[in-house]
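Asks: I'd like to ask you about the structure that follows.
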Amino acid sequence: MYNRKKSFDKRYLFIFIIIIISLMLVVLSVTLKKNRNLNFFEKFAKDTGMIVLKVTYTPFQFIRNQLNEWHEKDNLYEKYKELKNNEDQVKSVMAENDNLKSEVQKLKDNLDLNSILSDKVLLNATVINRNISYWYDEITIDKGSNDGIEKNMAVVVPKGLIGSVSKVSKNTSTVKLLSNDNMSDKISVKIRVNDETYVFGLISKYDSKTNTYTVEGISQNIDIPKNADVVTTGMGDLFPSGLQVGTVQKVTTDNFDLSKVVLVKASVDFDDLDYVTVLKRKTE
């Protein structure tokens, strides 16, 4: 009895499975037809699937975009550092090139000066020390008594007179500059009024702020033109005659209105002294 019932249940189960498979085949045949309209359940399933896909895909897309952006920024930064390094190197090379050009030009100017001062004994030298505390007082050059340097020799640059030798050792010398505020020795100069006329005076002081000398002691009642050349007179054995000192900038009178006071613009830039020439008369 039990065996017959079990056999009966298996037949019904087999029939049920056949029916389900048949229904699925019918549904699939209908579903796979072309140019048909989707039913409600298909629409719902497709829409729901699309929403789920977008919701799950968006965070991954955002993360991927952020990673790509970070990589691009990192690459850009590396390129920026490389360009910045190249720029610094270019600036360094340009600065070095400008400095070399300046030094070459100064050496050329010294050679031109040597030809102009052919009647003098010339000794070219390099400035090796300049104390910041005494910037306008003195400089140290790399020539001394072993090179023929002597005290009180005049020292010039291509643009004019800068001072005289005050101390000498075997291999170096100290040059007292005309820009020295404590100028004890007044320097005799002459101002060219015209081709045949000069007026004489003494340099009494120097103003580092304006790079000008004050020339006093001019008693002649004569008009002194602006930009007139001011040169050494050669009096007193300290400086040879004709060394350029500067040009006239302004003419006034002293407090008693008895003599003229001339403001002379220095021809030399005392802030820029690298190469100098020491000179003396051939008769020494």
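Asks: At a Förster radius of 41 Å, what calculated FRET efficiency corresponds to the Cβ-Cβ distance of residue 274 and residue 66, to the nearest 0.05? Display every interim value, and only then the final one.
Replies: On the way: r = 58 Å, r/R0 = 1.41.
That gives a FRET efficiency of 0.10.
Asks: Are there trypsin sites (Lys or Arg not before Pro) in segment 170-231 that DSSP puts in a loop and that have at most 14 other Cβ atoms within 10 Å, and which ones?
Replies: Details: sites: 170, 176, 186, 190, 192, 205, 209, 226; in loops: 170, 186, 209, 226.
Counting only loop positions with at most 14 other Cβ atoms within 10 Å, the trypsin sites (Lys or Arg not before Pro) in segment 170-231 are 170, 209, 226.
Asks: Here's a follow-up. Once amide H atoms are built 1.01 Å from N in the peptide plane, which residues 5 or more positions from residue 138, or in another chain, come under 5 Å H to H?
Replies: The list, which skips near neighbours in sequence, is 177.
Asks: If you don't mind, there's one more thing I want to ask. What are the ³J(HN,Hα) values, in whole Hz, obtained from phi via the Karplus relation 6.51 cos²θ - 1.76 cosθ + 1.60 with θ = phi - 60°, for each residue of segment 123-137 in sequence order, with x given for Gly and Pro?
Replies: Running phi through 6.51 cos²θ - 1.76 cosθ + 1.60 with θ = phi - 60° gives 10, 7, 8, 10, 6, 10, 7, 8, 6, 4, 6, 10, 4, 9, 9 Hz.
Asks: Of all chymotrypsin sites (Phe, Trp or Tyr not before Pro) in segment 206-284, which ones are in loop regions per DSSP and have a Cβ with at most 13 other Cβ atoms within 10 Å? Please list the in-between numbers first.
Replies: Details: sites: 206, 213, 256, 270, 275; in loops: 256, 270.
Passing both the DSSP loop test and the Cβ count: 256.
Asks: I would also like to ask the following. Residue-wise, which Karplus ³J(HN,Hα) couplings in Hz belong to segment 66-80, taking 6.51 cos²θ - 1.76 cosθ + 1.60, θ = phi - 60°, and x for glycine or proline?
Replies: 5, 5, 4, 5, 5, 5, 5, 5, 4, 5, 5, 5, 4, 5, 4
Asks: Normalising by the residue count of segment 187-267, find the relative contact order in percent from Cα pairs under 8 Å and 6+ residues apart.
Replies: Working: 184 pairs, mean separation 23.2, N = 81.
The value is 29 percent.
Asks: Shape call for segment 196-284 from the C-alpha gyration tensor, a ≥ b ≥ c root eigenvalues: rounded (a/c under 1.5), prolate (a/b greater than b/c) or oblate? Write down the numbers at each step before the final one.
Replies: Working: a/c = 2.16, a/b = 1.38, b/c = 1.56.
Because a/c hits 1.5 or more and a/b fails to exceed b/c, segment 196-284 counts as oblate.
Asks: Name the residues whose placed amide hydrogens come within less than 5 Å of the amide hydrogen of residue 193, ignoring near sequence neighbours (fewer than 5 apart) on the same chain.
Replies: Result for residue 193 returns 198, 199.
Asks: Then there's this: With each pseudo-label sitting 7 Å past Cα toward Cβ, what's the residue 257-residue 142 distance in nm, one decimal?
Replies: Spacing of the two 7 Å Cα→Cβ label points: 5.7 nm.
Asks: What is segment 120-177's relative contact order, in percent, from Cα pairs under 8 angstrom and six or more apart in sequence? List each step's numbers first, then the result.
Replies: Values: 110 pairs, mean separation 18.8, N = 58.
Value for segment 120-177: 32 percent.
Asks: What is the list of residues in segment 214-234 whose amide nitrogen lies under 15 Å from a point 7 angstrom out from the Cα of residue 204, following Cα to Cβ?
Replies: 214-220, by backbone N distance to the label point.
Asks: Also, I was wondering about something else. Between their Cα atoms, which of 205/226; 186/250; 176/250; 167/260 are more than 30 Å away from each other? List each step's numbers first, then the result.
Replies: Details: 205/226 20 Å; 186/250 20 Å; 176/250 26 Å; 167/260 35 Å.
With Cα atoms farther than 30 Å apart: 167/260.
Asks: Next up: Check residue 205: other-chain or 5+ apart residues with amide H under 5 Å from its amide H, H built from backbone geometry?
Replies: Here 214 satisfy the definition.
Where a number appears in this text, it was derived from the coordinates with a stated rule and is not lab data. As the structure is a computational prediction, the values presented were derived from the model and not from experiment. FYI the Cβ positions are ideal-geometry reconstructions off the backbone, even for glycines, and counts take in every protein chain you see.
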